[in-house]
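Below is one structure; the comments refer to it alone.
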C-alpha cells in the first residue's frame, strides 16, 4: 500500500504484528480476502480496511480520538468515520462512552460493520453502531438517517483532505476520500455537528493547516472557545495538521496551543507524547475546563 | 510604568541603560520632560514615548519588524505606527528600505516626529517620515493623506489590542491604544494595506491569537500565501501572539509555522532566537520565497 508522505502509521505494538499485514486478520478473528485487519492501540482493537484502495486510517484518527477527555461519557458521533478508526479509538480508551460511526461510502461503512463483527473488537461492539449516511444531509433527511438534534455529547470529524494540485490520486476510492475540499466543506460538516450536539458539547476536528480559515469561518457563531493545536513533525517544521476543538454555544475566546511534536530527533521515531496519544495511553484534553454535558 | 503581564520589554543592551529610564534621553540627544527616550536594537536607535501614558512599544514591534526580509528595499508603511518602533526597527536593520510612519493619535505622531529629531536617530531620519492620519481612511481622503494606491513594497501593522473584559485599562490613552477590537478592525486595516501595497507586496501583522479568525477573514481574497507563526512564552504554554505575513494577490496556501519561543528555561531570560529577533540581529523571513517587488 502507499501512503501520502505526511501520513504516519501507528507504530507496531511490542509483540504485535505490524499494521497492514493480512496476518493480523487471523488474530483478530476475521480474515477476508481483499481486506486487511490492522491493529491499533497496541493491539487493543482492530480495523477492517480495503487492502489496496481507499484512505488508510492512521495517526490522524488517533489524534482526533485523543481530544475526547478522560472521564467522558454519553454518545459520540464520528462524522465521516471511514472504517471507524477514530470513533473506536475513543471508546476503546473511554469505557463510559458510546459511538455512532457515520459514513457515506458503502465500501467504508461495510468495513466499519466488519470491524464491529471482529472477535477482537467484542469488547467494543456493544457500544458502537454504524449509520450509512451522508453527514451533510439536512432537515428531515438528516433526522430520518438517525442524526437527531442535540443527541450527541461529542462530535469528531476528519473530513476528506483536499487532493489538491500537488497530490497524485490515481486511485478512485482514495480520490473520493481525498476529495476536493470545497470552500464550504467545513460549513456543511460543522452545520451538522452543531445541529446534533447538545449545548455545551464538544466538536473536534483534525485537518490541514490550510483549512484553518474555512474551519474558523464555519465554527462562526455556532461554537466558541476554539482551541487549535499545531501538529509539527520536527522542531522548525511547518505544521502538517491542526487539531481543533470547540464548544457549542460557548462565547469564550480562541486560543492557540503549543505544538504536538510527532517525531523525536531527526529520524522517524515517534516522540513519547505522540506514542502515548497514538496508542490510547494519553488524552489531549482541552485546556479550558470541559463542560461534560449531562 | 506598568505593562500588561504578556507584554515584554526589550532587553537592556550590554553597556546600555535599561529602557524606560529618562537617563537615556540625554544619551540620545533629546531629553524632554514628560517623555522617555528608550533604546532599541542594543542602542542602535531610540524612541520618544510618553513617560506615563499610552501603549509602550516593545517586543511586539520588534518581532513585527523582523518579518521584513534581509535585502528588502523600497518603501514600507507602518500602519498605526505609534511612536514608530516597528518602522524604525525595520529601517535600522535594512539600509535599503525607507519607512512611512502612519499614526492617528496626535500625541503618538508627535512622539514619532520627536524620535526622528533625536541625534541618536540621525542615521534613520533621512529614510523616514511621519503621516498623521487614520489608517482606515478611504478613497480621496486616503489619497489626500498621502497613502497612494500601490505605493508601498511592505506594510506592517500592529493594531490596537482588544482591551477586553479581563484587562484593566484605567488610563485613557492606553485605553485608546488597546481600544476595542471591533469585528471589522482587521477588515478596515487590511483594506488599506491591500490598497497601498504593490502587487506581490508583503503585509505583516502581529496580533493576539484570538484575532486569527478576523485576520484570516480580512486577508480573504486580497492576500494569499498566509504564513502564521505562533509566539509562545515557554514550552507547553498557549501562544500569546501570532505573527502573520501574506502576499498581495498570491493564491498560495496558508501555512502554520513552528513557534517562536520567547523565553529560555522557566525564568524571564529571553531565548537566543528572541534576543536576536528583538535586537535586529536576525530576521524572520517568510518560508516561501518572497517576491521582492521591483
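The values are calculated or read from the model by the stated rules, or taken from the named source; none is laboratory data. Fair warning: this is a prediction, and the values are worked out from it, not measured in the lab. Note that we place each Cβ from the backbone using ideal geometry, even for glycine, and neighbour counts take in every protein chain shown.
Can you find, within region B:68-77, the residue that is surrounded by the fewest Cβ atoms within 10 Å (Cβ to Cβ) among those that are under 16 Å from residue B:287 (Cα atoms) and touching a helix residue (DSSP H, G or I) at 6+ places or on another chain (Cβ under 9 Å)? It would help to see each step written out before you state the result.
We begin by selecting, within region B:68-77, every residue under 16 Å from residue B:287 (Cα atoms); these are B:68-72.
Adding the requirement that they be touching a helix residue (DSSP H, G or I) at 6+ places or on another chain (Cβ under 9 Å) leaves B:68, B:70, B:72.
Working: B:68: 28, B:70: 10, B:72: 22.
Going through the qualifying residues, I end up with B:70.
Of the residues A:91, A:102, only one is without any contact (Cβ under 8 Å) to a residue 40 or more places away in the chain, under 24 Å from residue A:203 (Cα atoms) and within 15 Å of the chain's Cα centre (by Cα); which? Exactly one residue qualifies, and that residue is A:91. Of the candidates B:211, B:204, the single residue that is under 17 Å from residue B:67 (Cβ atoms), touching a residue at least 24 places away in the same chain (Cβ under 8 Å), facing chain A (nearest Cβ under 9 Å) and surrounded by 18 or more Cβ atoms within 10 Å (Cβ to Cβ) is B:211.
Restricting to region B:247-280, count the residues that are out of contact with any strand residue (DSSP E or B) (no Cβ under 9 Å at 6 or more places or on another chain), free of Cβ contacts under 8 Å to residues at least 40 places away in the same chain and outside any loop (DSSP other than H, G, I, E, B). Walk me through how you get there before you give the answer.
Here is the first cut: in region B:247-280, the residues out of contact with any strand residue (DSSP E or B) (no Cβ under 9 Å at 6 or more places or on another chain) are B:265-268, B:272, B:275-276.
Still in the running and free of Cβ contacts under 8 Å to residues at least 40 places away in the same chain: B:265-268, B:272, B:276.
Now restrict to residues that are outside any loop (DSSP other than H, G, I, E, B): B:272, B:276.
Selection size over region B:247-280: 2.
Residue check, residue B:252 against (1) at pLDDT below 95; (2) more than 10 Å from chain A (Cβ to nearest Cβ), all met but one. Which one? Unmet for residue B:252, out of (1) at pLDDT below 95; (2) more than 10 Å from chain A (Cβ to nearest Cβ): (2).
Regarding residue A:224, is this residue surrounded by fewer than 21 Cβ atoms within 10 Å (Cβ to Cβ) and either touching a residue at least 60 places away in the same chain (Cβ under 8 Å) or within 10 Å of another protein chain (Cβ to nearest Cβ) (or both)? No; evaluated as a whole, the condition is false for this residue. Considering only region B:239-246, I want to know if a residue exists there that is assigned to a loop (DSSP other than H, G, I, E, B), facing chain A (nearest Cβ under 7 Å) and surrounded by fewer than 24 Cβ atoms within 10 Å (Cβ to Cβ). The answer is no, given that none of the residues of region B:239-246 is assigned to a loop (DSSP other than H, G, I, E, B), facing chain A (nearest Cβ under 7 Å) and surrounded by fewer than 24 Cβ atoms within 10 Å (Cβ to Cβ). Among the criteria (1) farther than 28 Å from residue A:252 by Cβ; (2) touching a helix residue (DSSP H, G or I) at 6+ places or on another chain (Cβ under 9 Å); (3) in a strand (DSSP E or B); (4) within 11 Å of another protein chain (Cβ to nearest Cβ), the one residue B:230 does not fulfil is (1). Just one of (1) in a loop (DSSP other than H, G, I, E, B); (2) within 30 Å of residue A:285 (Cα to Cα) fails for residue B:286. It is (2). Restricting the search to helices (runs of 4 or more DSSP H) fully inside region B:105-201 and requiring at least 3 residues that are modelled with pLDDT under 95 and in contact with a strand residue (DSSP E or B) (Cβ under 8 Å, 6 or more places away or on another chain) gives an empty result.
Among the residues that make up region B:261-270, is at least one of them within 11 Å of chain A (Cβ to nearest Cβ) and at pLDDT 95 or above? Yes, region B:261-270 contains at least one residue that is within 11 Å of chain A (Cβ to nearest Cβ) and at pLDDT 95 or above. Between B:80, B:43, B:84, the distinction of being modelled with pLDDT of 95 or more, at positive phi and crowded, with 23+ Cβ neighbours inside 10 Å belongs to B:84 only.
Only one entry in A:219, A:197 is more than 11 Å from chain B (Cβ to nearest Cβ), buried (at least 21 other Cβ atoms within 10 Å of the Cβ) and in contact (Cβ under 8 Å) with a residue 12 or more places away in the chain, namely A:197. In summary, residue B:26 fulfils each of the numbered conditions (1) at pLDDT below 90; (2) surrounded by fewer than 23 Cβ atoms within 10 Å (Cβ to Cβ); (3) in contact with a helix residue (DSSP H, G or I) (Cβ under 7 Å, 6 or more places away or on another chain) with the single exception of condition (3).
For residue A:57, indicate whether it is within 29 Å of residue A:209 (Cβ to Cβ) and in a helix (DSSP H, G or I).
On the way: within 29 Å of residue A:209 (Cβ to Cβ): yes; in a helix (DSSP H, G or I): no.
Taking the combined requirement at face value, the residue does not satisfy it.
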